[in-house]
1. Based on alpha-carbon atoms only, what is the radius of gyration of the stretch 15-144 relative to the globular estimate 2.2 N^0.38 Å?
2. Which pairs, out of 8/139; 9/137; 9/72; 12/143; 9/139, put more than 24 Å between their alpha-carbon atoms?
3. For labels at residue 137 and residue 75 in the simple 7 Å Cα→Cβ model, what's the distance in nm?
4. Filter the trypsin sites (Lys or Arg not before Pro) in the stretch 35-106 down to the DSSP loop ones having no more than 10 other Cβ atoms within 10 Å, then list what survives.
5. Is there a quick way to get the dipole size of the stretch 1-51? I mean about its Cα centre, with the Cβ of Lys and Arg at +1 and of Asp and Glu at -1; what is the value in debye to the nearest 20?
Amino acid sequence: MREGLLAKKPLKRIRQWLAENAERDIYDLQEHYVDTFDRGRGHCLHLFEHVHGDSRERGQAMVDLSEMYAAKGLTINQAELPDYLPLFLEYCSLCDYHQAQALLSEISHILVSIGTRLEQRDNHYHIVFDCLQALAKTKVDQKIIDAAISFVQAEDTSLAALDKEWEEAAAFDGDPQQADCAGCRSVAEEMLPTERREQTVKIVGGVQ
């Protein structure tokens, strides 16, 4: 705040929000935080959740981000993921102004999407995201805002829907009629020593 990087309006709003929170019970604040950020993917604070979801690309993106931190001599605690927004912002705070602004600009579409969803729910955490977007100084496509509004309007916030959203798929839940046994054999064979593999191929092929 002392740097004068925020305009007067967003600076006034976040100062007022912080002052109001200072008067609230700590347990109420903690409960509100969990309800806001841990009960669904829409407000998830892990950046790549909004970009890659559970796809394989997320793993490589994590590695790249970790290497970016390491380049500044920063090592992440094993209990945290590199795309956790507060961690990312802490890294930005160690960069010069222009580099930090460029990094915020790269995630501005995520900041706007989360902030819009929060504002639609009258959740004042949106003020934080509004300020981050103001620092990024990047104009976001209106389609992202419209999509965030549509998401809120269509979202099922029931506990049953929440359980289903975070439900993990069973590892062994495939259709046995659709199983590629030849593919399974090839993977298993590559894991065996050469002599055992040759013997296994003979057995599977019906030679013995």
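All of the numbers you see were taken from the coordinates with simple rules; none came from a lab. Fair warning: this is a prediction, and the values are worked out from it, not measured in the lab. Because the Cβ atoms are built from the backbone with ideal geometry, glycine has one as well, and the counts that use them run over all protein chains shown.
1. It is 1.10.
2. Over 24 Å Cα-Cα: 9/72; 12/143.
3. 3.7
4. Hits after loop and neighbour filter: 56, 72.
5. Here the stretch 1-51 has a charge dipole of around 500 debye.
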